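Worksheet: one structure, shown below.
The values are calculated or read from the model by the stated rules, or taken from the named source; none is laboratory data. Model, not experiment: these values are computed from the prediction. Every residue, glycine as well, gets a Cβ built from its backbone with ideal geometry; the counts of neighbours run over all protein chains shown. Surface accessibility is based on the protein's heavy atoms, side chains included, excluding ligands, DNA and RNA. Shrake-Rupley method; radii C 1.70, N 1.55, O 1.52, S 1.80 Å.
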Amino acid sequence: MRSPLHGAWRRGRHALFAVTGMVLVTLVSASGAQADAAFEGSSPGNAETVAEPLTEIELRFSDPISLNETETRLLDADGTQLVYEPVEIDGGNAWLLEPAISLDEGIYGVVWQAEAADGHTVRGVIRFGVGDVVLAEPAVEDEGTEASVDLETELAAAEELGTGGGGGPVASIASAISNLGVIIGWGVALFVAFVALPRMTWIGRYLFRIMRIAGIVAVVGAVIDLASQLLGGSSWNLIAAALLRFLAGAALAGVPGMVNGSPFVWVLSGAVIASYALDGHTVTAGPLWLMVATDAAHVTFAAIWGGGILALAIALVLVLRKRRQEASLVPDGSELAVRFSRLATYSVFGVAVTGVVMAFFILPSPGALVTTAWGWILLIKVALVAALAFFGYRNHFNVIPEIEYVLVQRDSGSDVVKEEREHLGQLRKTLGPEMALVVAILIMSGLLVQASPIAG
Ligand code: HEM
């Protein structure tokens, strides 16, 4: 026998295919996105020749960075590492490398690596000449001074690593996976704790299974994230964020039943909110307190809405399937639909307002919306949210008032189970495509956090 979930899947599959296609296209473009602080140039510049002796090399960035002194190397023509003193200037927007002995005639290179404020790694190389030398690629001889194979090998190897570390494709995929697990698992937990009434014990039995699955997905995402952070040498805040998401996922997978009437749901909420406050552009943009508060509200509304849609869909599938218990389950289903609809309405506004506030502080200029990977991902995300809000709008103004009316009739003693089933069936039909949209939005949000709003 075909399960009712099968029907919902069939109805939602066109939407799912469409959004999967969009997600894949964006995934490919987002993987080339840079980390946040862009390299703005150096003095001497790349491929520039300056008069001898040279006493300092300046590296400039669009935003404050922390120079990785172990990975940043000053090399001479033989590829030998020279001793230098790093000096931070302009609040970390620029760094001076002061060689212990001033640089005489010759060809030199700098392999630099730094961490942006959000922990993403940026790296690059510059090569320059001092005195009467000719710089060319590949290196050519000039009066006995040349860029030896050793220097070129070192610089080429460093160039192959690319310009960005922490915010690369692996981090984007990890972020998308953990968003799916954490937000959906947490949202379902909030639904069980605050939308379902204590008498609806049947709901827990089924939704705990979903929380377990979401918890496992969150753990997988967090483990990939942690491995990429540890291998990439990321900063403590990104590692702490991944650890918190790992713990939240493990708790959802291991003890989902604890959300019922225990402080666990508050601990879980605290851990998830803190994890999101520690990474992404929350830590690089705008006044920190405002970004942290807005981000906390944004993810909470996102979980209530996104996780709630999934929880309600599953609850309605069960309500409509269990014919023998319909006298008790159908009224529960109607009550859940009405209670969730109220919360979802606040959440739509909440998520939109907080999202726009964050975008305002993160975007360096309005033009960046169409000139950066971050801007394009945001536009696609907003289009998906608009489609989801359209479904919500239709339900809120068509199906939910019908259910409310039937509830009033039931309270006055009429037998309205048939009408109730009909309206709940109508509502369930739209929840398939809505679930597909939530999944796509969460994947987009993961890509957004790892992309750069700085054009380059
Ligand atoms: C008009 C609607 C929305 C706008 C304008 C918006 C905008 C944003 C922005 C600007 C960010 C910060 C990205 C960054 O750090 O680079 C963000 C993060 C996020 N959004 Fe949305 N969003 C919207 C709706 C939603 C919805 C409906 C959901 C889920 C159902 C959602 C889930 C998330 C998640 C999980 C994050 C990651 C938070 C973090 O890493 O700190 N958003 N959103």
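Listed here are the residues, each with its yes/no results for (1) closer than 25 Å to residue 183 by Cα; (2) of a type outside the set (D, E, K, R).
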{"position": "342", "(1), (2)": "yes, no"}
{"position": "368", "(1), (2)": "no, yes"}
{"position": "378", "(1), (2)": "yes, yes"}
{"position": "403", "(1), (2)": "no, yes"}
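For the range 241-282, give me the residue count where each residue is of a type in the set (S, T, N, Q), away from the ligand (no atom under 12 Å from the Cβ) and under 18 Å from the mean Cα position of the chain (by Cα).
Number satisfying all stated conditions: 1.
In this structure, is residue 402 over 16 Å from the mean Cα position of the chain (by Cα), part of a helix (DSSP H, G or I) and buried (at least 22 other Cβ atoms within 10 Å of the Cβ)? Give the derivation first.
Numbers: over 16 Å from the mean Cα position of the chain (by Cα): yes; part of a helix (DSSP H, G or I): yes; buried (at least 22 other Cβ atoms within 10 Å of the Cβ): no.
Here the answer is no, as residue 402 does not meet what is asked.
Scan the range 346-366 and tell me whether some residue there is assigned to a helix (DSSP H, G or I) and more than 15 Å from the ligand (Cβ to nearest atom).
Here is the first cut: in the range 346-366, the residues assigned to a helix (DSSP H, G or I) are 346-362.
Of the ones still in play, those that are also more than 15 Å from the ligand (Cβ to nearest atom) are none.
The answer is no, given that none of the residues of the range 346-366 is assigned to a helix (DSSP H, G or I) and more than 15 Å from the ligand (Cβ to nearest atom).
State whether one or more residues within the range 77-89 are out of contact with any Gly (no Cβ under 8 Å at 6 or more places or on another chain), at pLDDT 80 or above and crowded, with 16+ Cβ neighbours inside 10 Å. Reasoning before the result, please.
Start the filter on the range 77-89 by keeping residues that are out of contact with any Gly (no Cβ under 8 Å at 6 or more places or on another chain), which leaves 78-89.
Going one step further and asking which of them are at pLDDT 80 or above, we end up with 78-89.
So of that shortlist, the ones also crowded, with 16+ Cβ neighbours inside 10 Å come out as 79, 84.
Scanning the range 77-89 turns up at least one residue that is out of contact with any Gly (no Cβ under 8 Å at 6 or more places or on another chain), at pLDDT 80 or above and crowded, with 16+ Cβ neighbours inside 10 Å.
Kindly indicate which of 416, 406 is more than 12 Å from the ligand (Cβ to nearest atom), without any contact (Cβ under 8 Å) to a residue 24 or more places away in the chain, of a type in the set (Val, Ile, Thr) and farther than 26 Å from residue 174 by Cα.
Numbers: 406 fails: without any contact (Cβ under 8 Å) to a residue 24 or more places away in the chain.
Residue meeting the stated conditions: 416.
Six or more apart or on different chains, Cβ under 8 Å: which pairs go from a residue in the range 265-279 that's without any contact (Cβ under 8 Å) to a residue 60 or more places away in the chain and open to solvent by less than 20 Å² (accessible area, probe 1.4 Å) to one that's among the basic types (Lys, Arg) and within 10 Å of the ligand (Cβ to nearest atom)? Could you list them?
Note: no pairs meet the criteria.
Exactly one of these conditions fails for residue 257: (1) small (Gly, Ala, Ser); (2) farther than 22 Å from residue 178 by Cβ; (3) surrounded by 22 or more Cβ atoms within 10 Å (Cβ to Cβ). Give me its number.
Checking residue 257 against (1) small (Gly, Ala, Ser); (2) farther than 22 Å from residue 178 by Cβ; (3) surrounded by 22 or more Cβ atoms within 10 Å (Cβ to Cβ), the one that fails is (3).
Only one of (1) at pLDDT 90 or above; (2) away from the ligand (no atom under 14 Å from the Cβ) is not met by residue 384, so which one is it?
Condition (2) is where residue 384 drops out.
Listed here are the residues, each with its yes/no results for (1) at pLDDT 90 or above; (2) open to solvent by 10 Å² or more (accessible area, probe 1.4 Å); (3) more than 10 Å from the ligand (Cβ to nearest atom); (4) not aliphatic (A, V, I, L, M).
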position: 291; (1), (2), (3), (4): yes, no, no, no
position: 298; (1), (2), (3), (4): yes, yes, no, yes
position: 301; (1), (2), (3), (4): yes, yes, no, yes
position: 307; (1), (2), (3), (4): yes, no, no, yes
position: 311; (1), (2), (3), (4): yes, no, yes, no
position: 315; (1), (2), (3), (4): yes, no, yes, no
position: 319; (1), (2), (3), (4): no, no, yes, no
position: 323; (1), (2), (3), (4): no, yes, yes, yes
position: 327; (1), (2), (3), (4): no, yes, yes, no
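Would you call residue 122 outside the structural domain of residue 282 (by TED's automatic domain parsing), open to solvent by less than 20 Å² (accessible area, probe 1.4 Å) and either out of contact with any Leu (no Cβ under 9 Å at 6 or more places or on another chain) or modelled with pLDDT under 80 (or both)? Even if it seems obvious, please write down each step before you answer.
Values: outside the structural domain of residue 282 (by TED's automatic domain parsing): yes; open to solvent by less than 20 Å² (accessible area, probe 1.4 Å): yes; either out of contact with any Leu (no Cβ under 9 Å at 6 or more places or on another chain) or modelled with pLDDT under 80 (or both): yes.
Considered against the rule, which asks whether it is outside the structural domain of residue 282 (by TED's automatic domain parsing), open to solvent by less than 20 Å² (accessible area, probe 1.4 Å) and either out of contact with any Leu (no Cβ under 9 Å at 6 or more places or on another chain) or modelled with pLDDT under 80 (or both), residue 122 comes out as yes.
Taking residue 285, is it among the hydrophobic types (A, V, I, L, M, F, W, C), within 16 Å of the ligand (Cβ to nearest atom) and modelled with pLDDT under 85?
Values: among the hydrophobic types (A, V, I, L, M, F, W, C): yes; within 16 Å of the ligand (Cβ to nearest atom): yes; modelled with pLDDT under 85: yes.
Yes.
Taking residue 234 as meeting all but one of (1) buried (at least 22 other Cβ atoms within 10 Å of the Cβ); (2) at pLDDT below 80; (3) part of a helix (DSSP H, G or I), write down the number of the exception.
(3)
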